[in-house]
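Here's the structure we're looking at; comments come further down.
The values are calculated or read from the model by the stated rules, or taken from the named source; none is laboratory data. Note that this is a predicted model, so its numbers are computed, not measured. Virtual Cβ from ideal backbone geometry, glycine too; neighbours counted across all protein chains shown.
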Amino acid sequence: MSIIVTGGDGYIGWPTALRVAARTDERVVIVDNLARRKWVEEVGSRSAVPVAGIDERLDAAREVHGLGNLSFVEGDLTERSFVDELLQVHEPSTILHVAAQPSAPYANMNGERANYTQHNNMQATRNLAFGLAENDMTDTHLVETTTTGVYGAPEFPIPEGGAVMENEGERDEVPFPAMAGSWYHMTKSHDAANLRLAHGQFDIPISDVRTAITYGTETEETRVDDRLKTRVDFDYYFGVVAHRFAAQAVAGYPLTVYGKGLQRKPFISLEDAVEGLARLATMDPDDRPDGHVVYNQVTRPIAIVELAETIQAAGEDLDLDVEVTHVENPRDEDEEHEMEIENDRYMELIGEQAMTWREGASDVLESLTRYRETITDHEDRFLPAALQDEAE
Ligand SMILES: NC(=O)c1ccc[n+]([C@@H]2O[C@H](COP(=O)([O-])OP(=O)(O)OC[C@H]3O[C@@H](n4cnc5c(N)ncnc54)[C@H](O)[C@@H]3O)[C@@H](O)[C@H]2O)c1
């Protein structure tokens, strides 16, 4: 038996694999096609934090944390024959499916990238679901990091899962509609629907983990050795807003808030995200909630302008002079949307939050100051060309 972590070379997958391996005697198999490394190169950027090669990462995990049960298989999950062989050889008790092309701006760049993203993400998920069903592995727990982006920005508190719909006086709970706002986010809306169907048709236990925007440069396991660090991107395409702002602060570049910045977005620290996935991977099947379960993997919504101001305040402690500026919003969104989102099930899963956003902001800034040179060398990657003049 084993636990498979797809996307285990990526930002969330790598620290997750480390934590899962530390908590289990089963073999933990990382599966990745190393595509993220290429995508970031393709857009002319690089991770602020240098990322060791996968073999060096595994050697360090063994030396530093004694993780002899962690291994790596290179392969593309869109290939069904590869997925079948993977499942037959490793017989997973759980699959943490963390692999995806996760960038909305990258997917939205043009039709070719949108096609690539939709094919990549949805085909990989279908291959895993059908692979389990057709190899008689329907007891395997399939966990996927989808995204809170599937909810869009509704004018009511977002439930943790379905929504109640009412028509002509009758009410029913229905799967939440696909309100995703990008070609990438829509892959996760479709995945969420397909996961629900896979549970209905094959009876596979499914955890649909709707991951929020994840911030943080370190977890307990990555802090102790440079070879164990996870990637932290800061460019327009692959840097999440919290990391982009932190990198801008470190480079002495104004923090570019899109539009008014009053829109609240859901966030979670890397530490809290990894903890929930590790608990799901190592959970006793008898303790698992039945069937198909949705978790809102979020600790709290934060307004974009608050995000920037917190980085500004954290920057003062490090003697960074941080300016916040507003630029024209390249996204089509309500700039005052006050998101509310339920997360009781996820909070019960992790117990308590490891760090607040204020603590997280200091941690990210402190880490990134070590890599100032890489960031300033690529500061033309913070914004798309059309917005650069405005910010300067
Ligand atoms: N980081 C966030 O803020 C965030 C927010 C919401 C949801 N998510 C979701 O969490 C997951 C992890 O995100 P991340 O930020 O770590 O992304 P990432 O790009 O760093 O990691 C994904 C990994 O999957 C691999 N991969 C992609 N397609 C593959 C394929 N066909 N076969 C094998 N490997 C493949 C990539 O090489 C990469 O290493 C994704 O599913 C993403 O959609 C992330």
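Counting only residues that are in a helix (DSSP H, G or I) and within 30 Å of Phe130 (Cβ to Cβ), which one in region 51-74 is farthest from the chain's Cα centre (by Cα)? For region 51-74, the residue satisfying everything is Leu58. Within region 99-113, being within 15 Å of the ligand (Cβ to nearest atom), part of a helix (DSSP H, G or I), surrounded by fewer than 21 Cβ atoms within 10 Å (Cβ to Cβ) and not basic (Lys, Arg) holds for Ala104, Pro105. Residues in region 29-46 that are within 19 Å of the chain's Cα centre (by Cα) and among the acidic types (Asp, Glu): Asp32 only. Within region 117-146, being among the aliphatic types (A, V, I, L, M) and assigned to a loop (DSSP other than H, G, I, E, B) holds for one residue alone: Met137. Only residues that are surrounded by fewer than 18 Cβ atoms within 10 Å (Cβ to Cβ) and out of contact with any Pro (no Cβ under 9 Å at 6 or more places or on another chain) were counted across region 127-142, and they come to 5. From the list Leu86, Leu77, the lone residue that is in a helix (DSSP H, G or I) and either modelled with pLDDT of 95 or more or touching a Leu at 6+ places or on another chain (Cβ under 7 Å) (or both) is Leu86. For Leu70, the criteria (1) away from the ligand (no atom under 15 Å from the Cβ); (2) buried (at least 23 other Cβ atoms within 10 Å of the Cβ); (3) within 18 Å of Thr230 (Cβ to Cβ) hold in every case but one, which is (2). Can you say whether Ser103 is among the polar types (S, T, N, Q) and closer than 30 Å to Asp286 by Cα, as far as the supplied structure shows? Answer is no for this residue.
One line per residue, one yes/no per condition, for (1) within 26 Å of Thr24 (Cα to Cα); (2) among the small types (Gly, Ala, Ser):
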position: Ser93; (1), (2): yes, yes
position: Leu96; (1), (2): yes, no
position: Asn115; (1), (2): no, no
position: Leu132; (1), (2): yes, no
position: Asp139; (1), (2): yes, no
position: Thr147; (1), (2): no, no
position: Val150; (1), (2): no, no
position: Phe156; (1), (2): no, no
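Restricting attention to region 193-236 and to residues that are basic (Lys, Arg) and under 26 Å from Ala249 (Cα atoms), the residue that is nearest to the ligand (Cβ to nearest atom) turns out to be Arg231. Just one of the listed residues (Leu349, Leu365) is in a helix (DSSP H, G or I), modelled with pLDDT of 95 or more and within 17 Å of Glu323 (Cα to Cα), namely Leu365.
Among the numbered criteria (1) more than 29 Å from Ser93 (Cα to Cα); (2) away from the ligand (no atom under 15 Å from the Cβ), which single criterion is violated by Ala133? In the conditions (1) more than 29 Å from Ser93 (Cα to Cα); (2) away from the ligand (no atom under 15 Å from the Cβ), Ala133 misses (1) alone.
Could you tell me whether Leu96 is within 12 Å of the ligand (Cβ to nearest atom), assigned to a strand (DSSP E or B) and touching a residue at least 40 places away in the same chain (Cβ under 8 Å)? Judged against the criteria, Leu96 is a match.
Against the list (1) assigned to a loop (DSSP other than H, G, I, E, B); (2) touching a Lys or Arg at 6+ places or on another chain (Cβ under 8 Å), the condition Ile302 fails is (1). When Ala251, Ala278 are screened for being small (Gly, Ala, Ser) and over 21 Å from Thr147 (Cβ atoms), only Ala251 passes. Residues in region 125-151 that are among the hydroxyl-bearing types (Ser, Thr, Tyr) and at pLDDT 95 or above: Thr125, Thr138, Thr140, Thr145, Thr146, Thr147, Thr148.
Conditions tested, residue by residue: (1) over 17 Å from Gly7 (Cα atoms); (2) in contact (Cβ under 8 Å) with a residue 40 or more places away in the chain; (3) not β-branched (Val, Ile, Thr).
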position	(1), (2), (3)
Pro92	no, yes, yes
Ser103	no, yes, yes
Asn108	yes, yes, yes
Thr138	yes, yes, no
Val143	no, yes, no
Val150	yes, yes, no
Ala153	yes, yes, yes
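In region 278-310, of all residues being under 21 Å from the mean Cα position of the chain (by Cα) and among the β-branched types (Val, Ile, Thr), the one that is surrounded by the most Cβ atoms within 10 Å (Cβ to Cβ) corresponds to Val298. Region 147-264 holds strands (runs of 3 or more DSSP E) entirely within its bounds, and those carrying 3 or more residues that are in contact with a helix residue (DSSP H, G or I) (Cβ under 7 Å, 6 or more places away or on another chain) and crowded, with 17+ Cβ neighbours inside 10 Å map to 206-211, 213-215, 255-258.
Does region 17-28 include one or more residues that are within 9 Å of the ligand (Cβ to nearest atom) and modelled with pLDDT of 95 or more? No; the residues of region 17-28 include none that is within 9 Å of the ligand (Cβ to nearest atom) and modelled with pLDDT of 95 or more.
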